[in-house]
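The values are calculated or read from the model by the stated rules, or taken from the named source; none is laboratory data. Predicted model only: the values in this text are computed from it and were never measured. All Cβ positions, glycine included, derive from the backbone under ideal geometry; neighbour counts span all protein chains shown.
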Amino acid sequence: MHHVKWVWLFFFLLVSLVVHADETAEKKDPLLKMGGEVRIRSESPLNFGAFTPVRSPVDDDSFVLLRVRPFIESTPIREIHMYVQPQFSRGFAQEESTIANTVNVDDFDLHQGYVDFQHLANDHLSFRLGRQELAYGDERLIGTFDWSNIGRSFDAGKVSVKFDRFWIDGFASWVQRAGGNQYFGGLYSLWDLNEGLDDEPYFLILRDNDGGLGGGALTNYTVGNRVAGTIGKQWDYGAEGALQFGESGAENIFAYAGHAHGGYTFDTKWKPRIGLEYNIASGDDAPGAGSRVETFNNLFPTNHPRYGYMDVVGWRNMHNPRFNFQVTPLKGLTASLDYHLFFLMEPADGLYQASGASVRAGTAGASHFAGQEIDALLKYKWNKYAGFMLGYSFFNTGSFFSDTGVDKNAHFIYAQTTVYFDAVVKE
């Protein structure tokens with residue numbers, strides 16, 4: 001019944017903010033907004049027996065996911081901003097009776113709820129406290145994972161310092177657990193070097209009191225830098241590199257990862273873009289053998305659009321060349337085609353999926369070639385209130401799979417509709 005309490009809390013905050021707006025209208029009308037999204041997605045993973053940890057313990061499946069995220073926000077004075085975003089997330093049409101509500105009784109939760117203290121120190125300083133999304137750069141290390149029907153947010157505090165061409169965020173989050181607490185924080189900054197180039201250095205710390213080898217503590221430090229920019233109106237490029245060190249149980253950590261991409265957009269009616277990309281992340285040649293830990297930890301990423309839409313491969317123990325082609329034949333309609341090749345840096349370390357969990361344990365004598373993936377995607381933004389997506393992906397397993405167990409090619413079909421709504425109650 002705890003989800004009923006969240007419903008009442010959301011209703012109470014909404015009524016309170018509307019009343020407050022009316023009471024203060026004579027002084028200065030505060031800004032009060034309501035809005036949200038309703039998202040429905042059908043997914044059909046087919047022949048997924050070669051990597052069942054990704055989806056389900058069955059080869060073929062089909063289901064529909066429903067997510068509803070309303071929000072309310074208020075700025076009673078310029079220096080204070082409040083935002084509340086509950087979330088309903090469930091498997092659609094899974095209840096025999098909606099009256100009984102016996103399935104997914106915990107599908108209602110608070111996705112975001114925070115207070116901003118802003119425009120301090122001559123508009124250079126702000127604080128955010130509460131449950132919040134964190135997303136930086138390409139979200140390869142810190143992201144919202146919006147493809148998930150639940151998504152990711154952090155119980156955190158964040159301080160931001162901003163100037164005209166530079167900003168830096170310092171944040172700290174934590175999860176309290178019976179087995180051992182987890183803490184994640186760091187510094188992330190951006191320099192606007194010139195009109196076509198941004199530089200983003202960062203330093204991150206992950207402390208997990210029972211997340212290391214043998215159930216010991218994990219202390220992982222990540223230092224890295226990302227650059228992204230354009231040359232004229234047609235060339236785009238970017239690169240990122242990260243180095244990790246620290247301790248996992250009784251072992252030291254030394255790992256690294258890198259990314260580079262470039263693209264060219266033709267100045268024609270359909271705006272075709274051709275892009276090339278390369279991703280690399282270190283793996284461990286002798287996992288669990290008492291040597292140092294060399295598998296890169298990609299922390300809390302949004303991996304889904306980065307390394308194939310089937311989410312079979314993540315930014316760990318991998319080499320990944322990628323080719324991308326994209327066109328815009330109609331206003332609001334984008335068609336794209338991606339081709340990925342996947343190789344393992346260390347076959348003994350195995351293959352890791354987008355979440356960081358193991359898809360397939362490795363062996364030292366196995367092949368480096370994990371497979372290839374093709375992703376075809378159509379996106380249509382009908383108007384500012386509704387968008388649609390249709391996609392098909394095919395994964396051709398490589399010889400690594402045949403060397404280590406089940407070897408099956410797989411298909412993934414999905415369709416999504418998202419509807420947005422908003423309203424200004426008092427301004």
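Counting only residues that are in contact with a Pro (Cβ under 7 Å, 6 or more places away or on another chain) and under 30 Å from A255 (Cβ atoms), give me the strands (runs of 3 or more DSSP E) lying completely in segment 318-404 with at least 1 of them. So that I can check it myself, show each step before the final result.
Working: elements: 318-330, 333-343, 358-360, 369-383, 386-397.
In segment 318-404, 333-343, 358-360 are the strands (runs of 3 or more DSSP E) which contain 1 or more residues that are in contact with a Pro (Cβ under 7 Å, 6 or more places away or on another chain) and under 30 Å from A255 (Cβ atoms).
Across segment 322-338, the number of residues qualifying as closer than 14 Å to Y309 by Cα and charged (D, E, K, R) comes to 2.
Considering only segment 270-302, how many residues are in a loop (DSSP other than H, G, I, E, B), free of Cβ contacts under 8 Å to residues at least 60 places away in the same chain, closer than 18 Å to H319 by Cβ and not aromatic (F, W, Y)? Don't jump to the end; show me each part of the working.
Start the filter on segment 270-302 by keeping residues that are in a loop (DSSP other than H, G, I, E, B), which leaves 270-272, 282-292, 294-299, 301-302.
So of that shortlist, the ones also free of Cβ contacts under 8 Å to residues at least 60 places away in the same chain come out as 270-272, 289-292, 294-296.
Within this subset, residues satisfying the condition of being closer than 18 Å to H319 by Cβ are 294-296.
Filter once more, so that each one left must be not aromatic (F, W, Y): 294-295.
Result for segment 270-302: 2.
Yes/no per residue for (1) in contact with a Cys (Cβ under 6 Å, 6 or more places away or on another chain); (2) within 19 Å of F145 (Cβ to Cβ); (3) modelled with pLDDT of 90 or more:
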{"position": "M82", "(1), (2), (3)": "no, no, yes"}
{"position": "F88", "(1), (2), (3)": "no, yes, yes"}
{"position": "G91", "(1), (2), (3)": "no, yes, no"}
{"position": "E95", "(1), (2), (3)": "no, no, no"}
{"position": "T98", "(1), (2), (3)": "no, no, no"}
{"position": "N101", "(1), (2), (3)": "no, no, no"}
{"position": "V105", "(1), (2), (3)": "no, no, no"}
{"position": "H111", "(1), (2), (3)": "no, yes, yes"}
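Assessment of segment 303-315 against the conditions (in a strand (DSSP E or B) and farther than 20 Å from N220 by Cβ) yields no matching residue. Taken over segment 339-362, the criterion of being surrounded by fewer than 23 Cβ atoms within 10 Å (Cβ to Cβ) and within 18 Å of Y392 (Cα to Cα) is satisfied by Y339, L341.
Give the residue that is farthest from W147 (Cα to Cα), with candidates limited to residues of segment 380-411 that are of a type outside the set (K, R) and out of contact with any strand residue (DSSP E or B) (no Cβ under 6 Å at 6 or more places or on another chain).
Just the residues of segment 380-411 that are of a type outside the set (K, R), to begin with: 380, 382-383, 385-407, 409-411.
Right, trim to out of contact with any strand residue (DSSP E or B) (no Cβ under 6 Å at 6 or more places or on another chain) and you get 382-383, 401-403, 405-406.
Numbers: W382: 20, N383: 21, F401: 26, S402: 30, D403: 32, G405: 29, V406: 27 Å.
Among those residues, the one meeting the criterion is D403.
Out of all the residues in segment 252-259, is one or more buried (at least 16 other Cβ atoms within 10 Å of the Cβ), in contact with a helix residue (DSSP H, G or I) (Cβ under 7 Å, 6 or more places away or on another chain) and free of Cβ contacts under 8 Å to residues at least 60 places away in the same chain? Within segment 252-259 (the criterion being buried (at least 16 other Cβ atoms within 10 Å of the Cβ), in contact with a helix residue (DSSP H, G or I) (Cβ under 7 Å, 6 or more places away or on another chain) and free of Cβ contacts under 8 Å to residues at least 60 places away in the same chain), the answer is no, since none of the residues qualifies.
Hey, does segment 409-416 have a residue that's of a type in the set (F, W, Y) and part of a strand (DSSP E or B)?
Initial filter on segment 409-416 (of a type in the set (F, W, Y)): 412, 414.
Cutting the leftovers down to part of a strand (DSSP E or B) gives us 412, 414.
Yes, the conditions are met somewhere in segment 409-416.
Just to verify a result, which residue in segment 30-77, among those that are among the hydroxyl-bearing types (S, T, Y), within 22 Å of I150 (Cα to Cα) and modelled with pLDDT of 85 or more, is nearest to the chain's Cα centre (by Cα)? Only one residue fits best here, namely S42.
Can you confirm whether F323 is under 26 Å from G224 (Cα atoms), modelled with pLDDT of 95 or more and not basic (K, R)? In short, yes. Taken together, D349, D375, D284, D338 contain a single residue that is under 24 Å from Y221 (Cβ atoms), among the acidic types (D, E) and in contact with a strand residue (DSSP E or B) (Cβ under 8 Å, 6 or more places away or on another chain), which is D284. Taken over segment 298-338, the criterion of being surrounded by fewer than 17 Cβ atoms within 10 Å (Cβ to Cβ) and of a type in the set (G, A, S) is satisfied by G332 alone. Remark: pairs (first residue in segment 350-374, touching a residue at least 24 places away in the same chain (Cβ under 8 Å); second residue assigned to a loop (DSSP other than H, G, I, E, B) and among the basic types (K, R); Cβ separation under 8 Å; 6+ apart in sequence or on different chains) = Y352/R316; G356/R316. Of the residues in segment 198-206, none is among the acidic types (D, E) and at pLDDT below 95. For segment 276-297, state whether one or more residues are under 26 Å from D155 (Cα atoms) and of a type outside the set (D, E). Yes, segment 276-297 has at least one match.
Within segment 135-172, the residues that satisfy the criterion of being in contact with a strand residue (DSSP E or B) (Cβ under 7 Å, 6 or more places away or on another chain), free of Cβ contacts under 8 Å to residues at least 40 places away in the same chain and surrounded by fewer than 19 Cβ atoms within 10 Å (Cβ to Cβ) are D155, G157, V159, S160, V161, R165, F166, W167, I168, G170, A172.
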